[in-house]
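Notes to accompany the following structure.
The values are calculated or read from the model by the stated rules, or taken from the named source; none is laboratory data. This structure is a prediction, so every number in the text was calculated from the model and none was measured. Cβ coordinates were reconstructed from backbone atoms using ideal geometry, including for glycine residues, and neighbour counts include every protein chain displayed.
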Amino acid sequence: MKTGNSNGSNRGLWATRLGFILAASGSAVGLGNVWKFPYITGQNGGGAFVLVYLLCIAVVGLPIMLTEFTIGRRTGLNPVGAFRALAPGTPWVVIGFMGVLAGFLILSFYSVVGGWTLAYVIKAVTGGMSTFTSPQIAGEFFGSFISDTPQVLLFHTAFMILTMGIVLRGIHGGIEKACDILMPTLVVMLLLLMVRSLTLDGAMEGVKFYLSPDFSKIDGSVILMAMGQAFFSLSLGMGCLITYASYLPPEENLTSATVYVVLFDTGIALLMGMVIFPAVFAVGMEPTEGPSLVFSVLPTVFTQMPFGFVVSIVFFILLAIAALTSAISLMEAVAAFFIDQFGWERKKAVWVMGATIYLFGIPSGLSFGLLADVKFFDKTFFDVVDNIASNYLLPLGGMLTAIFVGWWWGTDNAHKEIERHETTFRWAKAWEFLIKFVSPIAVFLVFLGHFF
Ligand code: PHE
């Protein structure tokens, strides 16, 4: 890495490269790490799920992230434009369309949960959280909050307006700078909370649940969930990172950027597990609680720590911002498509698509209250949308991207792009093997294992 020195251009370079890594990390680190990872790990047996998840990150996530970065920088376009440019007149462009659809679907429910975090910021600031002395009380509060239609809609609206507001103004100023402070603070905060959790009475049960794998819990659908979560958490398979990398200068080292983003994202998720599970067991809750897990356990832990009031405020603000930086990348990917392909103005794209996504998100928002009993294949609307996007569209998009680069556009072309600015791609052979064979076959087998 170039370090800043008094030479203006060098400093500029460094800033750009850090800015990109932070923006990509901002997209990756979000509710997926802090909210979703703990609750689906809890529902899917703990340690064994974590291992499968890590395996998916290593053999599928890592190589595909590098691939998306490469496509983005090479073409400088949104996903639809990118596949059109690299393979004109072929059906490969479908990958781009699927990505836009996935972005639409994910943002619709993401904004609902983002709204919950905003509500919790207010709850923390007004001191209401100090009454959450047991997870039962905290859980009841959460349960009645997410089933309260006006409140849920209010915060869903607020979150979507924030997201649209930022994307309208363009994302290159404030957010990147904010990430600079946000990301390190988030890490410090999580470390602090981890220490508190680990020192609670009975915490070791949670550590055991989290770290010792019980493989009897693993089946086809658990593996599919782990893989879906790997894609979701890394923001992969929908072209979001293609869009972000399209703004990159040629001297960016794509391989090290990939490694940083993956390590950072995975590190935050793993750390979050170490915060949650010791606390879950210490306060006598079930790890299988579901989406409410983080929202009922953490406030209880806050009441049991010094300066808990301040910590709770800072924590939920960080969580809301982390959610926002991911939501922005989702909105940006959808908007960029309409801007580039239909010639819409940014304003129109953001307003029209933002409003449509918002409306589509309403039934997800009501899935814990008014519409809780409306089930499709035993799942609520919220779960159906999440499931289709995260567990099917993203892995499918990733698999097709890998096949596209591995067998159509060619790893040689990709290799050249990766090495464009005198960087040596040291793991070229390993990456080639992963992208041609391992990643696509792994995703295919996981689908197969799930369906049959
Ligand atoms: N990676 C984000 C998270 O973990 C969610 C996301 C998925 C963002 C796909 C962009 C694209 O919260």
Test each condition in (1) within 29 Å of residue 221 (Cβ to Cβ); (2) within 12 Å of the ligand (Cβ to nearest atom) for residue 26 and report the one that comes out false.
-> (1)
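Of 137, 95, 106, 146, which residue is within 14 Å of the ligand (Cβ to nearest atom) and not acidic (Asp, Glu)?
Values: 137 fails: within 14 Å of the ligand (Cβ to nearest atom); 95 fails: within 14 Å of the ligand (Cβ to nearest atom); 146 fails: within 14 Å of the ligand (Cβ to nearest atom).
On inspection, the qualifying residue turns out to be 106.
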So which residues in region 40-56 are surrounded by fewer than 24 Cβ atoms within 10 Å (Cβ to Cβ) and within 13 Å of the ligand (Cβ to nearest atom)?
-> 40
Can you confirm whether region 209-217 contains a residue that is away from the ligand (no atom under 16 Å from the Cβ), at pLDDT 90 or above and within 30 Å of residue 93 (Cα to Cα)?
-> no
Search region 251-274 for residues being away from the ligand (no atom under 16 Å from the Cβ) and of a type in the set (Val, Ile, Thr), and hand back the single one that is nearest to residue 428 (Cα to Cα).
-> 255
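Find the residue count for region 77-120, including only residues that are in a helix (DSSP H, G or I) and surrounded by fewer than 19 Cβ atoms within 10 Å (Cβ to Cβ). It would help to see each step written out before you state the result.
So in region 77-120, the residues in a helix (DSSP H, G or I) come out as 79-86, 91-120.
Filter again for surrounded by fewer than 19 Cβ atoms within 10 Å (Cβ to Cβ), leaving 85, 91, 94, 97, 101.
Going through region 77-120 one residue at a time, the tally reaches 5.
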Under 6 Å between Cβ atoms, at least 6 apart or on separate chains: pull out the pairs that start in region 270-299 with a residue that is at negative phi and end on any residue that is of a type in the set (D, E, K, R) and part of a helix (DSSP H, G or I).
-> 281/205
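Looking only at region 15-30, decide whether some residue is touching a Gly at 6+ places or on another chain (Cβ under 9 Å) and either modelled with pLDDT under 95 or not in a helix (DSSP H, G or I) (or both).
Going through region 15-30, the residues touching a Gly at 6+ places or on another chain (Cβ under 9 Å) turn out to be 15, 30.
If we keep only those that are either modelled with pLDDT under 95 or not in a helix (DSSP H, G or I) (or both) too, we end up with 15, 30.
Yes.
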Single residue of region 218-244 satisfying the filter (modelled with pLDDT under 90 and within 14 Å of the ligand (Cβ to nearest atom)) that is surrounded by the fewest Cβ atoms within 10 Å (Cβ to Cβ) = 244
Of all helices (runs of 4 or more DSSP H) completely enclosed by region 342-445, which ones contain at least 2 residues that are among the small types (Gly, Ala, Ser) and touching a residue at least 60 places away in the same chain (Cβ under 8 Å)?
-> 346-365, 394-403
Quick check: is even one residue across region 184-199 surrounded by fewer than 22 Cβ atoms within 10 Å (Cβ to Cβ), modelled with pLDDT of 90 or more and not aliphatic (A, V, I, L, M)?
-> yes
Before we move on, is residue 261 out of contact with any Gly (no Cβ under 9 Å at 6 or more places or on another chain) and under 22 Å from residue 205 (Cβ atoms)?
-> no
Flagged pairs (Cβ under 6 angstrom, 6 or more apart or on separate chains; first in region 233-245, more than 14 Å from residue 66 (Cβ to Cβ); second of a type in the set (Asp, Glu) and near the ligand (Cβ under 8 Å from one of its atoms)) are 233/265
